[in-house]
Ligand code: MF3
Ligand code: CO
């Protein structure tokens, strides 16, 4: 499938969709504290999405049951919100949300500490994963390549001894949640498809504190680290413009 090029008008619509996702994530983040369940976060997100006049990009997607993915500790991505999962002081939780507004999708994720007892190494994992996304976004401009994005993520992550997850990748996004191209979080500078103005990409590094391997649990969704180590995930929806990257989900 060809990579879709968006008009400035379409990117403006995606910016409004992205602002809605940001509002939802802020709303949910403010509710993260010890004793709260991941289902509490789901309920807060669902009402916020409705209040914004948007709909969920996730609920019903390939049968996914919720509007959020809430991935705690060694869960990498696609954790399903549950009344049985109580957040504890010292946990980390990735909150991933996608919405549709006026026909356009946006997708963003953050990973946040729960309470005040997060270990320094854990805090470092969050900071480095976020920095890897920010560094990758800085290389986005017409003429840069997908390999430049992957290499940027990989360098930041591996410089700290953490590892990049290979099994899941970022993606093009627009009138569908997943469009071409795939956007790996590893690669070689100068390799791969060249970026053009009007492309919109969801860039989403997933970073493990230990080894890179992941496996999917028997619920068919929850991806966890094979070695049980902690994992973090940050994501932005980003447009390629003549001037460089425009982050649509902030
Ligand atoms: N950010 C994830 C992705 O881009 C979220 C998908 S969750 C799903 O693939 F439930 F919708 F599949
Ligand atoms: Co995504």
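Structure above, values below:
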| read-out | value |
| --- | --- |
| Matching option when the condition is under 30 Å from residue 14 (Cβ atoms) and either without any contact (Cβ under 8 Å) to a residue 24 or more places away in the chain or within 16 Å of ligand 1 (Cβ to nearest atom) (or both), among 109, 131 | 109 |
| Given (1) buried (at least 24 other Cβ atoms within 10 Å of the Cβ); (2) in contact with a helix residue (DSSP H, G or I) (Cβ under 9 Å, 6 or more places away or on another chain); (3) in contact (Cβ under 8 Å) with a residue 24 or more places away in the chain; (4) closer than 21 Å to residue 246 by Cα, number of the condition residue 152 does not satisfy | (3) |
| Residues (within 14 Å of ligand 1 (Cβ to nearest atom) and either surrounded by 24 or more Cβ atoms within 10 Å (Cβ to Cβ) or over 25 Å from residue 63 (Cβ atoms) (or both)) located in the stretch 194-230 | 200, 201, 202, 203, 204, 205, 206 |
| Test: residue in the stretch 177-198 that is in contact (Cβ under 8 Å) with a residue 60 or more places away in the chain, within 14 Å of the chain's Cα centre (by Cα) and within 15 Å of ligand 2 (Cβ to nearest atom) | yes |
| Some residue of the stretch 56-72 being more than 16 Å from ligand 2 (Cβ to nearest atom) and closer than 15 Å to residue 110 by Cα | yes |
| Subset of the stretch 187-204 (residues that are within 13 Å of residue 150 (Cβ to Cβ) and touching a strand residue (DSSP E or B) at 6+ places or on another chain (Cβ under 7 Å)) | 190, 191, 192, 193, 195, 201, 203, 204 |
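Since every read-out is calculated from the coordinates, none of them should be taken as a lab result. Since we're looking at a predicted model, the values are computed, not measured. Glycine gets a Cβ as well: all are built from the backbone with ideal geometry, and neighbour counts include every protein chain shown.
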